[in-house]
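**Q** Below is one structure. I have some questions about it.
The values are calculated or read from the model by the stated rules, or taken from the named source; none is laboratory data. Quick caveat: nothing in here was measured; it's all calculated off a predicted structure. We work out accessible area using only protein heavy atoms, side chains counted, and drop any ligands, DNA or RNA first. Shrake-Rupley method; radii C 1.70, N 1.55, O 1.52, S 1.80 Å.
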Amino acid sequence: MGIRKIRIEGDPILRKQCKPVEKMTPRLTALIEDMFDTMYEANGVGLAGPQVGILKRIVVIDVGDENPLVLINPELLETSGEQVGDEGCLSLPGKVGTVKRPNYVKCRAYNAQMQEYIVEGTELLARAICHELDHLDGVLYRDHVTDGLRDVE
Ligand code: ZN
């Protein structure tokens, strides 16, 4: 069990491009476990490498459907539809903003054993996948918000 420090907006690492993972190592396995621990402790639904200071294309997501996901080197294959809703981020604590996202996504990724798989998601899962994949390219949800961030009530 390892809780890592979550990087907060203003930390330049959140704006950097992440590098692909080439192979699984004991260090990365431990990192993925720590990412889940850190996300659950902070009551988040997703966490990306740069948010814990690691510039690798690794994402963890758990939207509460009893199917926690590890997405390594994820690639969006398909998106469709549209949803508009509030989004928050563990790196922008205490804030929310309205973001338009696709309502359906299909994504190819590798799991923690570096086996390729396909994940499809709608609604919250689609939103979480888009949000977390953005982190791997230095994009924060703030960049998609057109009417400003609000304080969480
Ligand atoms: Zn985020």
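**Q** Please list Ser80, Ser91 from largest to smallest accessible area, probe radius 1.4 Å, with all protein chains kept in place.
**A** On the way: Ser80 55, Ser91 0 Å².
Ranking Ser80, Ser91 by accessible area, largest first, yields Ser80, Ser91.
**Q** For the chain, with every protein chain kept in place, what is the accessible area per residue (1.4 Å probe, Å²)? Before the final figure, lay out the partial values.
**A** Working: 8030 Å² over 153 residues.
On a per-residue basis, 53 Å².
**Q** Could you rank Glu66, Glu9, Glu120 by how accessible they are, 1.4 Å probe, largest area first?
**A** On the way: Glu66 170, Glu9 65, Glu120 110 Å².
Reading off the accessible areas and sorting them downward yields Glu66, Glu120, Glu9.
**Q** List the residues, sorted by chain then number, that are 5 or more residues from Tyr104 or on another chain and whose placed amide H is less than 5 Å from its amide H.
**A** Long-range HN contacts for Tyr104: Ser80.
**Q** Using helices alone, what [θ] at 222 nm do you get for the chain, with -39,500 (n - 2.57) per DSSP H run of 4 or more residues, divided over all residues and rounded to the nearest 500? Write down the numbers at each step before the final one.
**A** Details: 2 runs with 29 residues, N = 153.
Estimated from H runs of four or more residues: -6000 deg cm²/dmol.
**Q** Which whole-Hz couplings ³J(HN,Hα) result when phi for each residue of the stretch 109-123 is put into the Karplus expression 6.51 cos²θ - 1.76 cosθ + 1.60, θ = phi - 60°, listed in order with x for Gly and Pro?
**A** 8, 10, 8, 5, 9, 6, 9, 6, 8, 10, 10, 10, x, 10, 6
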